[in-house]
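This report concerns only the one structure given below.
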Amino acid sequence: MPPITFAHRGGRAHEAENTLTAFSRALATGATGLESDVWRAGDGVPVLVHDRFVRRGLRRVRVADTPASRLADAGVPTLADLYERCGTEFELSLDLKHREAAGAVIEVARGVGAQRRLWLCSPDTATLRELRPGAPEVRLVHSQRARRIDGSMERHAADLADAGIDAMNMHHTEWTTGLVTLFHRFGLRAFAWDAQEVRQLKGVIAMGVDAVYSDHVDRMIDALRGT
């Protein structure tokens, strides 16, 4: 299987990030996955935005304290909006910016039958461990820089596998062919983020990673075609 091509924040090199226009364009261009960040709005609705504050007119409002309907006025879509606009025939990677958003995210995905194509990412393995029992069908991803991982990579891979976590996501510069092989040996997928240039994308694809994240959807497609 070719690696999943995740359009980072919808492919922000081409459209305003985390917008329905960006998500739609990314899929139309050929991305097989979308990436975004998810918070729980003030009314409990999962919304797709990177920062904890957004501008609404001349004011900054806190996402976690503001209802989704008001955030929509600032151009912030809900997860339900994404599925309504783009359907469900794609992989969706969501960074959990708000731990409490996870339950609502899973509920929305289940409601449209997309839970098996949902990848929930967190730098906190404790969060992922807590989520596993109640959502066995959802994919869980540990996203972290290599320097912040205690102990050996082999021990870490074993711990993730024991916890039922599905993938390890690291910066593209931190992967090697040997590390990809190591994580595969424990049944974990290897995801590489922030690969922006074609040469970077080709490099990690050649290592055998299972997914790449980029702002440039066109470059991801070009890199796949060239390998």
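The values are calculated or read from the model by the stated rules, or taken from the named source; none is laboratory data. Everything quoted here is computed from the prediction, not taken from an experiment. FYI the Cβ positions are ideal-geometry reconstructions off the backbone, even for glycines, and counts take in every protein chain you see.
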Looking at (1) surrounded by 15 or more Cβ atoms within 10 Å (Cβ to Cβ); (2) within 17 Å of the chain's Cα centre (by Cα), which is the only condition residue 194 fails? (1)
Does residue 59 meet the test of being closer than 29 Å to residue 206 by Cβ and surrounded by fewer than 23 Cβ atoms within 10 Å (Cβ to Cβ)? no
Among all residue pairs at least 6 apart or on different chains, which show Cβ distances below 9 Å where the first residue, located in region 212-225, is free of Cβ contacts under 8 Å to residues at least 60 places away in the same chain and charged (D, E, K, R) and the second is crowded, with 21+ Cβ neighbours inside 10 Å and assigned to a helix (DSSP H, G or I)? 219/201; 222/201
Quick check on region 38-52. Is at least one of its residues of a type in the set (Lys, Arg) and crowded, with 20+ Cβ neighbours inside 10 Å? yes
Regarding residue 158, is this residue assigned to a loop (DSSP other than H, G, I, E, B) and out of contact with any helix residue (DSSP H, G or I) (no Cβ under 8 Å at 6 or more places or on another chain)? no
Looking at (1) closer than 30 Å to residue 88 by Cβ; (2) in contact (Cβ under 8 Å) with a residue 24 or more places away in the chain; (3) surrounded by fewer than 20 Cβ atoms within 10 Å (Cβ to Cβ); (4) not aromatic (Phe, Trp, Tyr), find the lone condition where residue 158 falls short. (1)
Exactly one of these conditions fails for residue 85: (1) assigned to a helix (DSSP H, G or I); (2) within 26 Å of residue 127 (Cα to Cα). Give me its number. (2)
For region 4-26, which positions are part of a helix (DSSP H, G or I), surrounded by 21 or more Cβ atoms within 10 Å (Cβ to Cβ) and either of a type in the set (Val, Ile, Thr) or touching a residue at least 60 places away in the same chain (Cβ under 8 Å) (or both)? 8, 9, 23, 26
Out of 56, 9, 52, 40, I need the residue that is at pLDDT below 95 and touching a strand residue (DSSP E or B) at 6+ places or on another chain (Cβ under 8 Å). Which one? 52
If you go through region 50-67 one residue at a time, do you hit one that is in contact (Cβ under 8 Å) with a residue 40 or more places away in the chain, under 18 Å from residue 102 (Cβ atoms) and either in contact with a helix residue (DSSP H, G or I) (Cβ under 8 Å, 6 or more places away or on another chain) or not in a loop (DSSP other than H, G, I, E, B) (or both)? yes
When only residues in region 199-219 that are more than 15 Å from residue 8 (Cβ to Cβ) and of a type in the set (Lys, Arg) count, which is farthest from the chain's Cα centre (by Cα)? 199
